[in-house]
């Protein structure tokens with residue numbers, strides 16, 4: 001299983017999912033923040049903040065733990081845990097609504113909607129002594145809450161911080177946690193995203209909060225660039241690593257076969273407009289291109305574009321294997337059954353079986369007996385290949401690398417020996433009986449010593465009688 005710890009980074013009002021936290025905690029971590037302009041486009045930045053350990057202990061009450069979405073084994077899923085701050089016992093109904101709204105938003109946009117089966121989602125009901133969070137609605141207000149959430153973090157009004165150790169302490173009431181979303185009992189616009197602590201924050205009652213969180217989720221999980229830009233800047237750097245940013249225009253990209261060349265001109269599916277090369281991306285107006293005129297990586301209330309969706313899917317499969325369970329790898333024999341249990345995604349996985357590198361007529365089959373193959377005596381190699389065949393991915397090299405799982409077994413077929421057929425003529429008859437009688441007594445390796453105990457006696461005679469007739 002490719003279980004990889006993730007982190008949501010919710011910045012300003014934004015959320016980012018990042019890679020596994022280091023075994024050794026760094027002294028500082030990058031915390032992102034974003035805000036939204038009057039035209040609904042993004043602007044923001046980041047700063048370095050001191051880290052806290054992830055082994056914090058919950059020091060307030062816990063009302064309960066609820067698994068909202070259970071899609072499979074935690075070792076092969078992305079486990080997202082919500083924890084709330086500034087919710088008293090009487091506020092828990094509001095908290096439930098805020099979490100449900102966030103879940104609906106996250107998994108109401110493609111490709112997250114289709115790939116919801118790769119996620120488990122949990123809610124921890126955390127009880128605070130007071131409603132609300134620090135510095136809401138103005139700087140200087142203090143609230144007694146379970147995780148010490150508050151605005152005006154590091155002097156930035158919309159930066160909504162949390163004690164990340166306490167957030168982990170509460171989240172660890174769930175058996176498996178990959179990433180945490182800390183929800184503030186507030187309607188004020190804001191959030192924060194912790195790149196090492198794997199914690200994101202947002203205001204539960206703010207209508208735009210989770211939309212911006214999805215934007216940041218694109219940064220972290222899909223490793224996407226911001227597609228917004230500032231006035232007058234020209235990009236002078238190398239080709240970006242992100243799949244949705246490039247220094248090549250359409251003709252250059254097509255000639256090189258790089259980045260989103262396979263998507264140029266495409267306008268189908270639930271994506272944002274026609275895929276092309278639109279100048280302006282990654283904070284620069286000129287010298288760099290984005291795949292669509294607009295998208296979730298540039299503005300609120302937009303779908304993702306095709307290359308961004310492809311990046312999401314590929315990164316999901318960097319975390320989750322296509323197969324949940326399978327027959328243990330090893331040597332199979334006659335009488336054994338082999339099986340695979342693919343992850344149950346919409347449209348299903350493509351399943352292909354091979355014996356000695358030749359395809360078997362078993363496409364789509366998840367279980368069968370070795371007996372059904374009628375194999376000759378000897379050793380054989382059985383292989384299954386399970387891959388997600390979605391048309392939302394056109395990078396076939398990447399599909400082969402991260403979206404396909406291969407399992408192999410050795411199959412041993414032994415020669416069937418007919419017990420009692422002393423003369424090996426395919427029958428147990430009087431001839432075999434007479435051979436036993438003629439060899440009666442002590443015998444060192446003779447064929448009539450059927451049970452190989454060093455003596456030809458009544459035991460061997462009874463074996464002949466029991467096996468009488470044609471050999472099976």
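Can you give the percent of C-alpha pairs in the stretch 126-176 whose distance is more than 12 Å? All intermediate terms of the calculation are to be shown ahead of the outcome.
Details: 815 of 1275 pairs.
That tail contains 64 percent of the Cα-Cα pairs.
Work out, step by step, the length gained on full extension between residue 251 and residue 101: first 0.36 nm times the residue separation, then minus their alpha carbon distance; give nm to one decimal.
Working: separation 150, 0.36 × 150 = 54.00 nm, distance 4.26 nm.
Between residue 251 and residue 101, full extension yields 49.7 nm more.
Placing a label point 7 Å from the Cα of residue 239 along the Cα-to-Cβ direction, the residues of the stretch 285-319 whose backbone N falls under 14 Å of that point are 289.
What is the P(r) of the chain, as percent of Cα-Cα pairs per 10 Å bin from 0? Binned Cα distances yield the sequence 4, 17, 22, 18, 12, 7, 5, 6, 5, 2, 0. Over the stretch 28-220, the pair-distance histogram of Cα-Cα distances with 10 Å bins from zero comes to 10, 39, 39, 12, 1 percent, rounded to whole numbers. Between residue 423 and residue 401, the simple spin-label model (points 7 angstrom out along Cα→Cβ) gives 6.8 nm.
For residue 408 and residue 361, the FRET efficiency from 1/(1 + (r/R0)^6), where r spans their Cβ atoms and R0 equals 22 Å, is about 0.70. For the stretch 355-424 and the stretch 276-303, write down the distance between their C-alpha centroids in whole Å. A separation of 46 Å, based on Cα centres.
What the Cβ-Cβ distance of residue 267 and residue 89 gives, at R0 = 30 Å and to the nearest 0.05, is a FRET efficiency of 0.05.
Assuming a ≥ b ≥ c are the square roots of the Cα gyration tensor eigenvalues, decide whether the stretch 323-413 counts as rounded (a/c under 1.5), prolate (otherwise, with a/b larger than b/c) or oblate. Taking the square roots of the gyration eigenvalues as a ≥ b ≥ c, the stretch 323-413 is prolate.
Inter-label distance, residue 131 to residue 452: 8.2 nm, where each label sits 7 Å from its Cα along the C-beta direction. Model label sites at residue 341 and residue 187, defined 7 Å from Cα along the beta-carbon direction, differ in position by 4.6 nm.
Kirkwood hydrodynamic radius, computed over distinct alpha-carbon pairs, for the stretch 427-470: how many Å, to one decimal?
Details: mean 1/r = 0.0988 Å⁻¹.
Result for the stretch 427-470, one decimal place: 10.1 Å.
Once a ≥ b ≥ c are taken as the square roots of the eigenvalues of the Cα gyration tensor of the stretch 277-321, is the result rounded (a/c under 1.5), prolate (a/b larger than b/c) or oblate (a/b not larger than b/c)? Please report the intermediate quantities before stating the final value.
Values: a/c = 2.83, a/b = 1.93, b/c = 1.46.
In terms of gyration-tensor shape, prolate.
Would you please give the FRET efficiency between residue 69 and residue 286, computed as 1/(1 + (r/R0)^6) with r the Cβ-Cβ distance and R0 = 45 Å, to the nearest 0.05?
Working: r = 44 Å, r/R0 = 0.97.
That gives a FRET efficiency of 0.55.
With distances taken between every two different alpha-carbon atoms, the stretch 398-472 has a Kirkwood hydrodynamic radius of 14.7 Å.
For 468, 353, what's the fewest-to-most ordering of other Cβ within 10 Å of each Cβ?
Details: 468 13, 353 20.
Lowest count first: 468, 353.
Directionally averaged projected area (the stretch 199-357, Cα convex hull): 14.4 nm². Under the shape rule built on the C-alpha gyration tensor, where the axes satisfy a ≥ b ≥ c, the stretch 219-265 is oblate, since a/c reaches at least 1.5 while a/b does not exceed b/c. Residue exposure proxy: 290, 243, ordered by other Cβ atoms within 10 angstrom of their Cβ from fewest to most, comes out as 243, 290. Among 390, 114, 328, 177, a tally of other beta-carbon atoms within 10 Å of each Cβ gives an order, fewest to most, of 328, 114, 390, 177.
Values quoted throughout were computed directly from the atomic coordinates according to the rules given, and no laboratory measurement underlies them. None of the values given here were measured: they were computed from a predicted structure. All Cβ positions, glycine included, derive from the backbone under ideal geometry; neighbour counts span all protein chains shown.
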